[in-house]
Structures are given as structure tokens and as C-alpha cells.
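Below you'll find the structure, written out as C-alpha cells, and then a few comments.
Values quoted throughout were computed directly from the atomic coordinates according to the rules given, and no laboratory measurement underlies them. The structure presented is a predicted model; accordingly, all values stated were derived computationally and were not measured. Cβ placement follows ideal geometry from the backbone for every residue including glycine, while neighbour counts extend to all protein chains displayed.
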Amino acid sequence: MKFALGVDGGASKTMACVGDETGRVIGVGLAGPSNYQLTGIEYAIGSISSAVNQALEMGGLTPDKLHHAVFALAGADFPVDFETLTRAIERTYPGLDFRIVNDVWAAFRAGTPESIGGVVTCGTGSNFGAVGPDGRRVTGRGMGYEWGTRGGAGDIIRDAVHYAFRSHDGTGPKTALEATVLELLGFPSYDALSLFMYEHKAELGALYVKAAAIVPAVFQLASEGDAVSQKILMDSGTAMGEIIGGMMERLGMRSARVDVVTAGSIFVKAQNPLMSDYFKAAVHRFIPFAAFRLPDVEPAGGAFLMALEDMGIRADGDVRDKAIETFPSIEAPDTSL
């Protein structure tokens, strides 16, 4: 029996999945973040090792029993990233046959068995990927707003704080975010928040746990009719739809009936459909016959299926169904996204 490993590593958590050539999942592990651009390479590899060790222990395997692995990692964006990550994984797992991909591709395979289509991940950050009928594959830069990317918790938080300040200062529309942002971040006034942001170079990283609670608040306020919160969700959804729709159109999918996988906590946990509705409408301007799918299994399961494909095993049909059926329930940390 041959065994494969799939790892999905992101900005908030890392999950590993071990299974056999029939698609049966026998072990899963969960650890902290592994986007090395944010954590540094040693921390990232520590998270990956922890998740992999848990999965192997659950499956009763040792690393030498693995025939192949796919590491689908956020932060695998440029050639230098792949070089850095390859060296670190080779050092950690000498002799292991493996491939590194950007984490969007694990999400894609987790959501569809098809060979063409698109994928959007929207969690702490966002990224995009598309593969066309001729096999051409494009991966988004995934580096943030300045690189042409939009979406994810970070952008929603940024927009919410922006409009909260404008509401308070009388330079923009009144919004319930004005009181909510101040309360969630724990500041007595906007002057105090402004000073904190100035002293920390306008970054909210030091307040991440508190700031993360702004995201569900925006969705809730949108449901209650707050126009600014609704605008934030509509703008975010539209921008993400335009990005993935444009990528797919350039790859020749305008008239194709293809899947667009929507993965990540913002899509999966959203309590208000407004962002998703505007996202779908924007995609349909480019790809009229696109269908939208949430992942059938955790992205780590998608990475596992990719590893099987690399081994020459068809990972659709019964094999895919088996992976979905046997993927064990594992409690991920609540990031309130």
C-alpha cells in the first residue's frame, strides 16, 4: 500500500492529511500558521512539522513510509520563496519526494475534481488561481492590496477602521462601525486609537486578536442595515469577482461551463450573503456560465488528492469520494473571521 501526504499552510493555521492510495484518510494534524513571509522560516517549518507529526501518529506511520507529499503553502509566491521552502523541507524531511505549490491549488482541488476553472481563497488574506482549457495556469500574487489583490479579513478591517474614523470626524457617512470599532479595539476615544496607530506605523498587527472581531461585526451590521458595512462587503465581493473573472477570461473560459471554488473562512463562515452575491455577479460579467462551489473537504485533503495525482493515481470518482468520506473531524482554532 502506498501512502501520500498533503499539507495546507496559511496565515492562521496549518493542516496535514495522510492517506493511502485508495483515497482513505488515516491521519490529520493541526498546528499554527506557516506563511513564512509572516512568521519566518523556522516558525513556519515548526508548524508544518507539528501538523505532519500529528497526522503521521494518528495514521500509525513514519515519514519513511510516505511515497509523495504536496505542500500547499501561503507565501509560495516567487521563485525565491520556492527555493527557501524547498531547502527547509528537504532539511526537515531528508529523502522525501515532494512538491510545493501555492495554497490556492489545494483549495481548488478540495472544491472540484475538474481540471479547469478558478479558485479564490479569502481568509486572513486572499489569493486567486485559474487554469484554462489549454492547461495554462495563473496564480495570483497574493501579496496584498498594493499588488492588485483585494479581499480577506485584513482589507475588511482596514475599510471598517477607515469609515469609522470618517464617521467620527464628520468627513463621511455615519455608520454603526464608529461605536463598534472603538469598543472592539478597546480604546476610549478616536484620538487614543489614532495615537496608537501612529506609534505603531498605522498597523493593527499588535491588536490582531481584537481586530479580527471587526470582521463578523461588519457582516452583522450589514444584516442590520448599516449602509457602510454593506458597502464594504459589496466592494470586496465585486473586486474579488473582477480579479478572478478577469484571470479566467484571459485563459479562454468566457463561454465555458466551469467551477469557481470559493474557499477560506470569509466565504465559509459568512453570515450575510451580500459579499458572495456581489462576487458572483462580478464573475458572471466575465464568465457567464460559471458555477460556484465551496470545498468538499478541507484544503489539506485537496493537497492529499494532488499528491495522489502526482503518483499517477486518478483522484476523482471513488478515490475523491473516499477522501471526503474518511476525512476526520478536527477542531480548528476559532479566528473569528
### Message
Just to confirm the number: angle between the C-alpha axis of helix 153-169 and the first principal axis of the chain, 0 to 90 degrees, nearest 10?
### Response
0
### Debye intensity ratio in log₁₀ form over the Cα atoms of the range 114-295, taken at each q of 0.11, 0.15, 0.17 Å⁻¹
-0.50, -0.83, -1.00
### In order through the range 29-34: 3J(HN,Hα) via Karplus (6.51 cos²θ - 1.76 cosθ + 1.60), integer Hz, x for Gly, Pro
x, 9, 9, x, x, 9
### Task
Return T14, T62 ranked ascending by Cβ neighbour count within 10 Å, so the fewest neighbours appear first.
T62, T14
#### Entry: ³J(HN,Hα), Karplus 6.51/-1.76/1.60, whole Hz, each residue of the range 323-328, x for Gly, Pro
5, 5, 5, 9, 5, x
### Message
Residues of the range 19-53 with the amide nitrogen closer than 16 Å to a label point 7 Å from the Cα of M311, along Cα-to-Cβ, please.
### Response
19-28
### Message
Around R136, under 14 Å between beta carbons, what's the net of Lys plus Arg minus Asp minus Glu among the other residues?
### Response
0
### Environment charge at G246 (Cβ cut-off 13 Å; Lys +1, Arg +1, Asp -1, Glu -1)
+2
### Query
When the Karplus curve 6.51 cos²θ - 1.76 cosθ + 1.60 is applied with θ = phi - 60°, which whole-Hz ³J(HN,Hα) does each residue of the range 66-78 get, with x for Gly and Pro?
7, 8, 6, 9, 10, 9, 9, 10, 5, x, 8, 10, 10
### Query
Once amide H atoms are built 1.01 Å from N in the peptide plane, which residues 5 or more positions from I26, or in another chain, come under 5 Å H to H?
V18, G19, D20
### Query
Summing Lys, Arg as +1 and Asp, Glu as -1, what charge do residues with Cβ under 10 Å from the Cβ of V70 carry, V70 excluded?
-1
### Task
Just need the relative contact order of the chain here, percent rounded to a whole number, with Cα pairs under 8 Å and 6+ apart.
23
## Note on the structure
Note: the range 49-171 at 4 °C, 1.567 mPa s; Kirkwood Rh on alpha carbon pairs; Stokes-Einstein D in µm²/s works out to 76
### Message
For a protection proxy built on the mean count of beta-carbon atoms within 10 angstrom, sort 91-103, 302-314 highest first, please.
### Response
302-314, 91-103
### Task
Round to the nearest 10 and give me the degree value, 0 to 90, for the angle of helix 274-286's Cα axis relative to the longest principal axis of the chain.
70
### Summary
GNM of the chain, Cα pairs under 10 angstrom: of D77, D191, D296, the biggest fluctuation goes to D191
### Task
Treating the angle as unsigned and between 0 and 90°, give the value, to the nearest 10°, between the Cα long axis of helix 299-310 and the longest Cα principal axis of the chain.
30
### Query
Sorting K322, K65 on the 10 Å Cβ count, fewest up front, what's the list?
K65, K322
### Helix-derived mean residue ellipticity, 222 nm - over the chain, DSSP H n ≥ 4, -39500 (n - 2.57), to 500
-14500 deg cm²/dmol
### Query
So how do 44-52, 221-229 stack up, highest first, on mean other-Cβ count within 10 Å?
44-52, 221-229
### Message
For the chain, set up a GNM with springs between Cα atoms under 10 Å and report which of A281, A192, A11 has the largest fluctuation.
### Response
A192
